[in-house]
Amino acid sequence: MPELPKAYDASLVEDKIYAEWEASGVFNPDQLPERNQKWTPYCIMMPPPNVTGVLHLGHALENAMMDTMARFQRMRGKKVLLLPGTDHAAIATQAKVEKTLIESGMKHPREELGREKLIEEIRRFAEESKTTILSQIKKMGTSCDWDRLAYTFDEARSKAVNELFVRMYGDGLIYRGYRVVNWSVKGQSTASDDEIEHVERPAKLYTFKYAKDFPITIATTRPETKLGDTAVAVHPKDKRYKKLIGQTFTVDVGAAKPLEIKIIADEGVDPEFGTGALGVTPAHSAVDFAMYEKQKAKGDPIDIIAVIGPDGRMTEEAGELYAGQTVEEAREKFVARLREQGLLEGEEEIMQNVGTSDRYGDVIEAIPMTQWWLDMNKEIPGRKKSLRDLMREAVTSGLDGKKEKKVTITPERFTKLYLDRVENLRDWCLSRQLWWGHRIPVWYRGDETHVGIEAPEGDGWEQDTDTLDTWFSSGSWCFSTLGWPDETADLKTFHPTSWMTMGYEILYLWLMRMVLMSAYALDDIPFKDAYIHGILRDEHGKKFSKSAGNGIDPIEVIEQYGCDALRISLLIGISPGNDSRYYTEKIESGRNFTNKLWNISRFILTVIASEAKQSPSHESEIAASSATPRNDTGTLADRWILSRLSEVVASVTKKLETYQFSAAGEELRDFTWNDLADWYLEIAKVEKGKSEILNTVLQTVLKLWHPFMPFVTEYVWGLAGFTAKGGSASGGEGKLIVAEWPDPVGARHAVPLPDAVAFGSLRTLVVDMRRLRAEQGVEAAKKVEFVIVEAHDHAPVPVEENAEWMSRLVNGSIAVVDAIPEGWVVASSGTVTVGLNLAGAVDLEKEKAKLEKELDQLKKYVVSTEGKLTNQEFTTKAPAQVIHDMKAKLEEAKTKIETLEKRLLT
RNA sequence: GGACACUUAGCUCAGUUGGUUAGAGCAUCUCGUUUACACCGAGAGGGUCGUAGGUUCGAAUCCUACAGUGUCCACCA
């Protein structure tokens, strides 16, 4: 074996290892070894990152979780598909490119470039981002199938999107309608309700009357929209206004025509708020528009007047005083006019939530327009259910009440949020006036309309110029990636997918839509388990963002500390649904652990190699051995480490199965660092002939760590010449990535409890002896003399057989005696007492004070425990095990008291 | 206005159906270059689990109220 460097240098191995994995074909499920082909498929669709730039640490966290899961399941023998992709992110990408163009001097990119050229500009940017993103995903060690790489805007995905639209239209779920939309003036496009961010800011609330003789005073923060008012709504039971309901008043507020204001009744109006009357502007408020539709349905219609246009300026309808002005200008003028005419009754500063575009940042205007909508309430032909029903069912009873068609959300509380949202969903506005996106598959010629993937026969057909909301394509991600609408083998094998992870910020935007799309298109759920993770924040708890200037490039972190270090530091310390923080100390400790594992491996391999030299015939045997040594032979330490290993295998397996990444990682780290490195390997320096066990332990530990830290483990595995059982020439060829996961069932049966207890006692003894040395300030180099006294009424502790290694660990001689000589200092665990010979050099007063303090604590404990044990209520109601353990502990404490008191007297 | 989460050691966080004297990492203090590792080893100190009630033999854990922090949602004009 070549000389291995003391410190592990990730930068020297990661790219090489990744290339080897890629070349071996194991990322592609079809090329996995035999045993994986036979078992259950396991599929994770990677949430496609937006092609708006580069990946951040949040992506690294998400990738680490998914890849850990994929590797774990692959090693367990499942046919694993981890499918990578990117999202064209229509509005986000176009907004970003337009912003860049404007920053570089262009005034109106759309006008100056035209549709074709601007799209080309965006396409180029998107391709560049894509290249960067894909290389970043590789750097993160992601074991995804590059052969199945997908893009929401590629041909196959576009086909799926069009097909979906056409089918939904055919089912009457998609319709074209004139309704109030969320309009971004800056983006010159609609936005869905989910793309609006509410921002709190100060506003003025004006109270006024339309005219001197108008009977009701109303209030508003948007006076300029009042030019389009057509009604005043009051609560039907409001005594003040009841008699006015149904009457119409004509008022002149300066609009193009005098306004006909009808007094209408609406339950939604709060009589307590303000004047208890609401000026209704159907064209510029979603709520008011709903009243407009209600009135229409009632056969008592009111008018709708649009006074703000798509350009954000007042329309002709607003009257010549206002037409062409911005809303701010019009507002000022309108208020000034009210003041002049003595109609303004009050002005008040209030805080108000306004909706802004999450991409363009401007205030969203409500404007009535003809757009394409997806109906949430209409019954789907032949299904007797609406899309809303499907979305509800999928997370409650399961689709059609079938358990296997139920999406489980972790943590559970998000299920409730999801359901609340489902109940309040409005029809989804699908069409966007953006250019970067899937063109709506609808053609027009004169009055004719054709909905279909291809333009119809004949000349003169023009395709709708609008594009689809970007979430329409990402909603179909779980099956468009598998070849739908074709009935592919992949679709049959991998859908519904097994697991999906995402941040809670896109729960509504994405998760719901995936459920909707899969339920509609395939009558199935998109995934069985959804895991909602929190946001990664900086050390101060702030969100990472470019504007805050606290962004961290994951690739730089990887270059400095290694991918494994990054992954483990991101995964340890997280819990589902909760935000976590990233800071330097964390990544350093990840790096340190990687190095620790490296050195553990280095040591074990050295020991195996040197022992093999003494009996060369065994060398190849040992390296190739993957048989588990029996744990009823060997020394106590051997049996102990093997049983601990078994426990850890079982526990880590269970934790990974239930997505407890942090708990699994912590347990594994504690075992590796404490049990293995600090104890067993130290013992192995004394007790020889452990090649076989060390070999097993190392192999198992590497396997367990592989999902978390794929690079260092694969690297060591290769150096050691370990071969993966189950690997084959077709995939992996003995690589750790396809090695068989340690068997947790077999492991669970192999824990010899008495050995674990006995070893625990010895461990406590060693710690006691070390503490005595440290407390007494004995130089580390000085060899000392210990004696051990065992209590009579306890199972004997096997000190003598283990004295050799214990002796080395405490740097002193150890003898078992009947009584501790006078003048020695002691420490007691209850069952065993340790004495250290200080040859008279001991501060008796100090020692006495220490003993007294310890006794004091013990006595308090004994009193409270005895109190519990004599309490009838407790002894009759508490489980037997709890009582038993408590009694044992009490006895121990009593013995300890006895020992210490005796000591105090001498 | 509604909902949800969080509040545990100096810091960041675990704590899975309520059950020994509440844990980890980092930081702190003391000691240490015994040939795997100073990206290390040994030892130590440090918490009345936000506050107040309640349920229970038993509460960090369940319930109620309150306070602070954060997030999401919402048509109070």
**Q.** Between helix A:661-670 and chain A: long-axis angle, C-alpha atoms, 0 to 90°, nearest 10
**A.** 20 degrees
(Q) Check which residues have an amide H placed less than 5 Å from A:Thr356's amide H, if you skip close sequence neighbours. (A) A:Glu197, A:His198, A:Val199, A:Ile364
Q. So what's segment A:1-78 giving for Cα Rg divided by 2.2 N^0.38 Å, two decimals?
A. 1.39
Q | Stretchable slack from A:Ala156 to A:Asp743, in nm (0.36 nm times residue separation minus alpha-carbon distance) | A | 207.3 nm
Q | Calculated [θ] (222 nm, deg cm²/dmol) that DSSP helices of n ≥ 4 give over chain A, each run adding -39,500 (n - 2.57) | A | -14000 deg cm²/dmol
Q.
Distance cut-off 19 Å, Cα to Cα: go down the list A:Lys850/A:Lys896; A:Lys853/A:Lys902; A:Lys38/A:Lys405; A:Lys860/A:Lys887; A:Lys107/A:Lys186; A:Lys596/A:Lys688 and report the pairs above it.
A. A:Lys38/A:Lys405; A:Lys596/A:Lys688
Q.
Once you keep just the Cα pairs under 8 angstrom separated by 6 or more residues, what percentage relative contact order results for segment A:6-104?
A. 35 percent
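For chain A, calculate the relative contact order in percent as a whole number, restricting contacts to Cα pairs under 8 Å that are 6 or more residues apart.
Relative CO of chain A lands at 13 percent.
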**Q.** Local net charge near A:Val817, Cβ-Cβ under 15 Å (Lys/Arg +1, Asp/Glu -1)
**A.** -3
**Q.** DSSP bridge pairs, segment A:211-361: antiparallel proportion in percent, nearest 5
**A.** 70 percent
Q. Counting pairs of Cα atoms in segment A:237-383, how many percent are more than 24 Å apart?
A. 45 percent
Q | As computed over chain A, the Cα convex hull volume per residue (Å³) | A | 248 Å³
(Q) So with the 1.4 Å probe, I'd like the accessible area per residue for chain A, rounded to whole Å². (A) 45 Å²
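Expressed in nm², what is the orientationally averaged projection area of the convex hull enclosing the Cα positions of segment A:852-895?
For segment A:852-895, averaging the hull's shadow over all directions gives 2.9 nm².
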Q) What lysines could a cross-link reach from A:Lys298, if we take a straight Cα to Cα line under 29 Å and drop same-chain neighbours fewer than 8 places away? A) A:Lys209, A:Lys226, A:Lys237, A:Lys239, A:Lys242, A:Lys243, A:Lys257, A:Lys262, A:Lys378, A:Lys384, A:Lys385
Q. Carbon and sulfur atoms: what percent of the 1.4 Å accessible area of chain A do they account for?
A. 50 percent
Q: Can you tell me the FRET efficiency between A:Glu379 and A:His108 if r is taken as the Cβ-Cβ distance and R0 is 41 Å, rounded to the nearest 0.05?
A: 0.35
(Q) 7 Å from Cα along Cα→Cβ at both A:Thr465 and A:Ala203: what's the point-to-point distance in nm? (A) 3.1 nm
Q.
Can you tell me the orientation of helix A:753-776 relative to chain A, as the angle in degrees between its alpha-carbon axis and the longest Cα principal axis, to the nearest 10?
A. 80 degrees
Q: Taking the Cβ of A:Glu379 as the centre, find all other residues whose Cβ is under 9 Å away and add up their charges (Lys, Arg: +1; Asp, Glu: -1).
A: +3
Q | Label-reachable residues, segment A:463-488, where backbone N falls under 16 Å from a point 7 Å from A:Arg167's Cα toward its Cβ | A | A:472-488
Q: Amide H neighbours of A:Ser189 under 5 Å, at least 5 residues apart or on other chains, H built in the peptide plane: list them.
A: A:Ser184
Q | Computed Rg/Rh of segment A:531-592, alpha carbon atoms with Kirkwood Rh | A | 0.96
Q. Expressed as a whole number of Å, what is the distance separating the alpha-carbon centroids of segment A:138-179 and segment A:443-499?
A. 7 Å
Q | Separation of the A:Val862 and A:Asp818 label points, Cα + 7 Å toward Cβ, nm | A | 2.5 nm
Q) Longest span of chain A, sites excluded, free of GluC sites (Glu not before Pro) in DSSP loop with at most 13 other C-beta atoms within 10 Å? A) A:4-266
Q) Normalised by the residues of segment A:254-309, what does the relative contact order come to in percent, with Cα pairs under 8 Å and at least six apart? A) 25 percent
Q: Please state, to two decimals, what the Cα-based radius of gyration of segment A:94-174 comes to when divided by 2.2 N^0.38 Å (N = residues).
A: 1.48
(Q) Could you check the spin-label model distance between A:Glu556 and A:Lys403? Points 7 Å from the Cα along Cα→Cβ, value in nm. (A) 5.1 nm
(Q) Check which residues have an amide H placed less than 5 Å from A:Phe527's amide H, if you skip close sequence neighbours. (A) A:Thr497
Q: Based on a Kirkwood Rh over C-alpha pairs, give the Stokes-Einstein translational diffusion coefficient of segment A:470-613 at 37 °C and viscosity 0.692 mPa s in µm²/s.
A: 176 µm²/s
Q: Give me the angle, in degrees from 0 to 90, between the Cα long axis of helix A:584-614 and the longest principal axis of the Cα atoms of chain A, rounded to the nearest 10.
A: 40 degrees
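The values are calculated or read from the model by the stated rules, or taken from the named source; none is laboratory data. Predicted, not measured: the structure shown is a model, and the values here were computed from it. Counting neighbours? That spans all protein chains shown, and the Cβs are built from the backbone with ideal geometry, glycine included. Heavy atoms of the whole protein, side chains included, go into the accessibility calculation; ligands, DNA and RNA do not. Shrake-Rupley method; radii C 1.70, N 1.55, O 1.52, S 1.80 Å.
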